[in-house]
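Structure first, then comments.
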Amino acid sequence: MPYLQAVVKEALRLHPPGPLVIRPSVTGLCCKPVMRDPYLWEDPEEFKPERFLPASPRSGGQEDEMIKEEVLKYIPFGSRRRGCPGSNLAYLSAGIAIGVMVQCFDWKIEGDKVNMEEARGTMMVAMAHPLKCTPLLRYPNPLPSLVFV
Ligand code: HEM
């Protein structure tokens, strides 16, 4: 599902779960400034999964250029030789988890909008107000064999 994968990628661009460690000096780098840099991204603060969908079929050369460019500016999994070897598994698991959560449940939140304000002063991008939500099972359950409540 390309759009769901684009949603996962965009969520990791705006909210990378961890800092990047640069070896051998072992320096911590916060990925956020790179992945929200207005020189690298259009509307960097906006949640736009479409940016990760190819606008039109590309030739092999254009595809390679796009991948090379992304390696330098999209770094939630690090980059190149020491990049995360679990990135494909992470994309797959996150896609399945989100898919099941959206398909099987409605989500009730306090108030009418999630407060996306970010906590300051750390290398991690954390929510200033942790998300509290309640899953409400959908009837009929679209995936009864997967969810036992
Ligand atoms: C959303 C999920 C994940 C994120 C954001 C993430 C992110 C990262 C980052 C930033 C690094 C450091 C890369 C660097 O220093 O340049 C890393 C390393 C690593 N990750 Fe992940 N990771 C995720 C999931 C996974 C999974 C599912 C696995 C394995 C099943 C995994 C295995 C590893 C390993 C073994 C390394 C060390 C690689 C090395 O030092 O050469 N990660 N990850």
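Brief remarks follow.
- Taking amide H as placed 1.01 Å from N in the peptide plane, the amide H of F105 sits under 5 Å from that of R138, each at least 5 places away or on another chain.
- Sequentially through the stretch 36-53, phi angles give Karplus couplings (6.51, -1.76, 1.60; θ = phi - 60°) of 10, 6, x, 7, 9, 10, 7, 6, x, 8, 8, 8, 10, x, 4, 4, 9, 9 Hz, Gly and Pro residues having no value and appearing as x.
- In this structure the amide hydrogen of E118, modeled in the peptide plane, comes within under 5 Å of the amide hydrogens of A128, none closer than 5 places in sequence on its chain.
- Taking other C-beta atoms within 10 Å as the exposure proxy, K132, K9 rank K132, K9 from fewest upward.
- Ranked for footprinting exposure by Cβ neighbours inside 10 Å, fewest first, K48, K113 give K113, K48.
Bear in mind that the values in this text are calculations on the coordinates, not laboratory data. Just so it is clear, the model here is predicted, and its values are computed rather than measured. Ideal geometry is used to build each Cβ from the backbone, glycine not excepted, and the neighbour counts take in all protein chains shown.
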